[in-house]
There are 2 protein chains.
Amino acid sequence: MEIPVDDGIVLYTYWRSSAAYRVRIGLALKGLAFESRPVHLVREGGEQHQDAYRGLNPQQLVPTLLHDGHVLTQSLAILDYLEERFPQVPLLPADAAGRARVRALAQLVACDIHPINNLRVMQYLERDLQLPADARTQWTLHWMAEGFAAMETMLAASGETGTFCHGDRPGLADICLLPQMYNAHRFGLDLAPYPILRRIETACQQLDAFTGARPEKQIDAA
Amino acid sequence: MEIPVDDGIVLYTYWRSSAAYRVRIGLALKGLAFESRPVHLVREGGEQHQDAYRGLNPQQLVPTLLHDGHVLTQSLAILDYLEERFPQVPLLPADAAGRARVRALAQLVACDIHPINNLRVMQYLERDLQLPADARTQWTLHWMAEGFAAMETMLAASGETGTFCHGDRPGLADICLLPQMYNAHRFGLDLAPYPILRRIETACQQLDAFTGARPEKQIDAA
């Protein structure tokens, strides 16, 4: 059930953006209605570089979230804000050590896989370094495999891993994992070495909050 | 003054690691004593890849922090943990929107500049892509300049910017900015376009917590 928010939540999003996909899942898990405003990252050189959007988000990245008169950027900062303003359906555990574990798993993806493979980096590899397509794909797969191997090891080593990354409720680490799994499928990463990640992906895909946030379900999907 | 911590805090660190440098500043701002255990990232192929350290940190990155029986990884997750366990000298403002702003500034550096320029990426550019030294330096400077330009714009646009990134107390955004400024000096980035970043850097360097955390002050400095 969606909770109406008086002043509304607006999300500037792109269907295939991992970072926007994270926020879509977080909003859905908390049952928060929002208005999607698509920003096309590729068409006409990228709408994120146009003045109107740059004024909201000087990094020229998605997502940007509007709420209560605030303009919020950076997906993890947005998710922390939502956690503080809408504590129902918590995305983080209650104990400090558990929270640190979940944040570390989330940041493994959000700091150490995704930004290195993001659109602007891939464009630099192609345009500035003239790297051919197969080498660019190898680049993408390399950083995913390195990050996923570490994440699989961390999940295997901890008794706190449950149906989801942390216990039996989905949270911030799952929110970061699922969009990265989407990218892994898209680029053809061999997922055989990561049985725990695959199991958690399957568990998340049973939930409407995760499936409804998928790229192909978005109003701007190609 | 340092607050003794009964069970001790141990930080696995490397003098030039931006991420370890962040945690050193955070610990110092909170007045928390800690034991430094250096992990040499370059010598003998990198001590972070040896089994003993990999067992603590499967990502084979620094820092790792030990406290109260917990093994914590990812610098921002560690800083959030410290904020929750040791709320004295807060690193984040009290209001949700202010916290989101500070987190977004911190993540601009910690997600969108630093990981793209980190050692393992530079090694991939050199070893796997055979990119010459001048092109590698251009890569480094490109991502710093892009990130700093956005950060300068965000700081200039907000009435919440003060002596520091957020008001007149140093916090998480400053903690992320200062190590990135160190890297900018090291690689010779032209800092003229970023007067606010330079002003905040100068303000931070008046404080012992920031100067004591500098790379050249560490026990493993070359």
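The values are calculated or read from the model by the stated rules, or taken from the named source; none is laboratory data. No experiment lies behind these values; they were computed from the predicted model shown. When we count neighbours, we look across all protein chains shown, and the Cβ atoms used for this are built from the backbone with ideal geometry, even at glycine.
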Self-check item: Where residue A:103 falls short, out of the listed (1) assigned by TED's automatic domain parsing to the domain that holds residue A:195; (2) farther than 21 Å from residue B:19 by Cβ; (3) in contact (Cβ under 8 Å) with a residue 40 or more places away in the chain
Solution: (2)
Quiz item: Which number in (1) assigned to a loop (DSSP other than H, G, I, E, B); (2) surrounded by 20 or more Cβ atoms within 10 Å (Cβ to Cβ); (3) among the aliphatic types (A, V, I, L, M) marks the one condition that residue A:219 misses?
Solution: (2)
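Can you pull out the residues in segment B:142-165 that are in contact with an Asp or Glu (Cβ under 7 Å, 6 or more places away or on another chain), surrounded by fewer than 24 Cβ atoms within 10 Å (Cβ to Cβ) and more than 17 Å from residue B:19 (Cα to Cα)?
Of everything in segment B:142-165, those that are in contact with an Asp or Glu (Cβ under 7 Å, 6 or more places away or on another chain), surrounded by fewer than 24 Cβ atoms within 10 Å (Cβ to Cβ) and more than 17 Å from residue B:19 (Cα to Cα) turn out to be B:162, B:164.
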Quiz item: How about segment B:167-186: which of its residues are crowded, with 24+ Cβ neighbours inside 10 Å and either in contact with a His (Cβ under 7 Å, 6 or more places away or on another chain) or not in a helix (DSSP H, G or I) (or both)?
Solution: B:170, B:171, B:173, B:180
Quiz item: With respect to residue A:33, is the statement that it is within 28 Å of residue A:201 (Cβ to Cβ), of a type in the set (Gly, Ala, Ser) and free of Cβ contacts under 8 Å to residues at least 40 places away in the same chain true?
Solution: yes
Quiz item: Within segment A:187-216, which residues are free of Cβ contacts under 8 Å to residues at least 24 places away in the same chain and part of a helix (DSSP H, G or I)?
Solution: A:198, A:199, A:202, A:211
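Between B:133, B:106, which is surrounded by 24 or more Cβ atoms within 10 Å (Cβ to Cβ), under 30 Å from residue B:190 (Cβ atoms) and out of contact with any strand residue (DSSP E or B) (no Cβ under 9 Å at 6 or more places or on another chain)?
Criteria check complete, one pass: B:106.
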Quiz prompt | segment B:41-63: number of residues that are surrounded by 14 or more Cβ atoms within 10 Å (Cβ to Cβ) and farther than 17 Å from residue A:149 by Cβ | solution = 4
Self-check item: Number of positions in segment A:130-139 that are more than 9 Å from chain B (Cβ to nearest Cβ), assigned to a helix (DSSP H, G or I) and of a type outside the set (S, T, N, Q)
Solution: 3
Quiz item: When you look at residue A:125, is it touching a Lys or Arg at 6+ places or on another chain (Cβ under 6 Å), more than 26 Å from residue A:23 (Cβ to Cβ), modelled with pLDDT of 95 or more and assigned by TED's automatic domain parsing to the domain that holds residue A:182, yes or no?
Solution: yes
